[in-house]
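A quick write-up on the structure given underneath.
The values are calculated or read from the model by the stated rules, or taken from the named source; none is laboratory data. What you see is a predicted model, and the numbers here were worked out from it, not measured in a lab. Positions of Cβ are generated from backbone atoms using ideal geometry, with glycine treated the same way; all protein chains shown enter the neighbour counts. Just so you know, the surface numbers come from the protein's heavy atoms only, side chains and all, with ligands and any DNA or RNA stripped out. Shrake-Rupley method; radii C 1.70, N 1.55, O 1.52, S 1.80 Å.
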Amino acid sequence: MCGTGGPGEDRTERDAEPALDRARFSALLEDSVEDLYENAPCGYLSTLLDGRIVKINATLLNWLGRRREDLVGHQHFSDLLTVGGRLYHETHFAPLLRMQGEVNGIALELRAADGARIPVLVTSTVKTGDDGQPLLVRTTVFDARDRRAYETELLRARQEADREHARLRTLTTTLQKTLLPPVLANVPGLDVSAHYHVASVDEVGGDFYDLFPLSSGTWGLFLGDVCGKGAAAAAVTSLARYTLRAAAVYDPDPAAVLGNLNTVLNHEYQGADPRFCTVVFGLLTPDESRGGFQVVLASGGHPPALLMRADGTADFLPTPGGQLIGVLPDPEIVTTEVRLAPGDTLLLHTDGLTEAHTHATTGGTERYGDDAFLDFARSLAPTTASDTIGAVRGLLDTFGAGVDDDTAVLAIHVPRPPVTGPGDGPR
């Protein structure tokens with residue numbers, strides 16, 4: 001009777017396969033210590049206490065492109081380093097190793113036979129004898145070329161990002177300047193001053209102001225705040241400035257000027273991305289009979305102007321009910337009229353000032369507010385335009401990072417007439 005073997009024979013073959021695998025695995029684990037040293041994934045070398053090389057593995061020799069017989073017994077560890085590395089080794093690495101007995105993860109550069117630089121991380125340990133006396137130094141060298149390439153690329157990307165950020169800041173600053181008048185008109189009989197406080201140099205703000213001549217001895221002025229920031233807000237700001245100037249030439253009545261601006265914004269910015277602004281427009285006319293100026297102000301949802309009188313009093317010029325410009329087809333526009341007598345100062349501002357955080361450095365959320373601003377104005381009165389703007393700039397500086405929105409301020413002041421004495425003319 002023929003056969004191919006019984007069940008016992010099959011079981012023997014199956015048992016032999018795991019045994020063979022175990023034998024192969026054991027063979028891998030039984031590599032010689034010398035082979036593990038020579039072909040380790042990092043460099044190894046041993047030196048005497050003076051740095052002379054007495055042993056070095058094949059891995060490090062391959063990195064350097066050097067022969068063992070040229071190094072062992074002839075050169076020192078510092079001879080393998082670049083000039084800067086040798087200097088660091090002598091002044092820092094070696095003294096620290098003598099004091100501590102161990103130095104970990106020091107970044108150095110080796111010089112290969114072909115002159116190439118090899119960035120490495122070096123760890124050295126002093127080996128002592130049974131009597132505790134130091135015998136030699138064992139050093140492990142890790143290849144840091146991939147890490148250096150990564151760091152170099154990271155640095156290059158950071159530098160490029162910094163350059164791009166600087167270009168963006170320059171563009172933002174330039175664009176911001178184009179949205180403001182380079183100089184304010186020189187109005188005979190008026191002292192005028194303005195300031196624009198930038199909350200962030202990385203974004204274009206939406207505040208704007210201007211003072212310009214109109215026909216028949218009158219002047220127009222405006223100050224406003226477009227919602228939002230960035231390029232979209234800048235486009236609205238530019239449109240608002242030029243529309244206000246053009247509308248004032250066509251019909252200088254302040255309410256009519258704001259009505260024209262509303263028509264333009266309401267037509268251009270309806271739909272998915274509506275744009276609007278708050279704005280106050282004023283018409284200045286010299287008061288020939290009594291001196292000073294007559295001022296007619298129209299407000300479209302803008303914070304009220306501050307009037308600081310020559311007698312030391314100060315108060316808001318209320319324009320209640322004025323609505324935002326650009327939102328509704330026919331908004332309510334409120335006007336008020338006031339006479340600026342000699343010694344009086346009128347201050348227009350955007351809400352970046354009154355909405356500033358007063359305790360930004362301590363994480364507080366309290367806003368400065370209209371009441372505090374009115375008290376501030378009363379402490380200044382009577383004052384001039386330039387002194388007012390200087391004081392406001394100082395106030396904004398005290399808020400620091402608490403000013404999170406751009407702020408525009410415009411002050412106009414009627415100087416007092418010069419004091420004259422009998423028979424000696426002006427003095």
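Pick from the stretch 295-317 the residues that are in a strand (DSSP E or B) and touching a Pro at 6+ places or on another chain (Cβ under 8 Å): which of them is surrounded by the most Cβ atoms within 10 Å (Cβ to Cβ)? First the steps, then the outcome.
Applying the first criterion (in a strand (DSSP E or B)) to the stretch 295-317 yields 295-300, 305-308, 314-317.
Okay, now just the ones that are also touching a Pro at 6+ places or on another chain (Cβ under 8 Å), so 296-298, 300, 308, 316-317.
On the way: V296: 18, L297: 23, A298: 24, G300: 29, M308: 25, F316: 14, L317: 18.
Among them, the one singled out is G300.
Residues of the stretch 102-137 that are within 41 Å of the chain's Cα centre (by Cα), among the aliphatic types (A, V, I, L, M) and closer than 16 Å to H76 by Cα: L108, L110, V122. If the condition is being open to solvent by less than 60 Å² (accessible area, probe 1.4 Å), closer than 17 Å to T59 by Cβ and not in a strand (DSSP E or B), then the stretch 94-125 contributes A112, A116.
Looking only at the stretch 242-251, decide whether some residue is open to solvent by 50 Å² or more (accessible area, probe 1.4 Å), part of a strand (DSSP E or B) and not acidic (D, E).
No, the conditions are met nowhere in the stretch 242-251.
With (1) buried (at least 16 other Cβ atoms within 10 Å of the Cβ); (2) modelled with pLDDT under 90 as the list, and E17 as the residue in question, which single condition is left unmet? Every condition holds for E17 apart from (1).
Determine, yes or no, whether T139 is open to solvent by less than 30 Å² (accessible area, probe 1.4 Å), assigned to a helix (DSSP H, G or I) and either at pLDDT below 75 or out of contact with any Phe, Trp or Tyr (no Cβ under 6 Å at 6 or more places or on another chain) (or both). When the stated conditions are applied, T139 does not pass them.
One residue alone among H413, H349, H357 is closer than 22 Å to V226 by Cα and either among the β-branched types (V, I, T) or at pLDDT 90 or above (or both), and that residue is H349. Checked against (1) open to solvent by 70 Å² or more (accessible area, probe 1.4 Å); (2) part of a strand (DSSP E or B), R148 meets all criteria but (2). A search for C-beta distances below 6 Å between a residue of the stretch 218-238 that is of a type outside the set (D, E, K, R) and any residue that is open to solvent by 40 Å² or more (accessible area, probe 1.4 Å), counting only pairs 6+ apart in sequence or on different chains, returns T218/T285; W219/P213; C227/F276; G230/E203; A234/L175.
D351 satisfies every condition listed in (1) in a loop (DSSP other than H, G, I, E, B); (2) more than 35 Å from the chain's Cα centre (by Cα) except (2). Taking A234, is it at pLDDT 90 or above, part of a helix (DSSP H, G or I) and in contact with a helix residue (DSSP H, G or I) (Cβ under 9 Å, 6 or more places away or on another chain)? It is false that A234 is at pLDDT 90 or above, part of a helix (DSSP H, G or I) and in contact with a helix residue (DSSP H, G or I) (Cβ under 9 Å, 6 or more places away or on another chain). Within the stretch 377-400, is even one residue at pLDDT below 90, closer than 24 Å to S200 by Cβ and either in contact with a helix residue (DSSP H, G or I) (Cβ under 6 Å, 6 or more places away or on another chain) or of a type in the set (A, V, I, L, M, F, W, C) (or both)? Checked against the condition, which is being at pLDDT below 90, closer than 24 Å to S200 by Cβ and either in contact with a helix residue (DSSP H, G or I) (Cβ under 6 Å, 6 or more places away or on another chain) or of a type in the set (A, V, I, L, M, F, W, C) (or both), the stretch 377-400 yields at least one hit.
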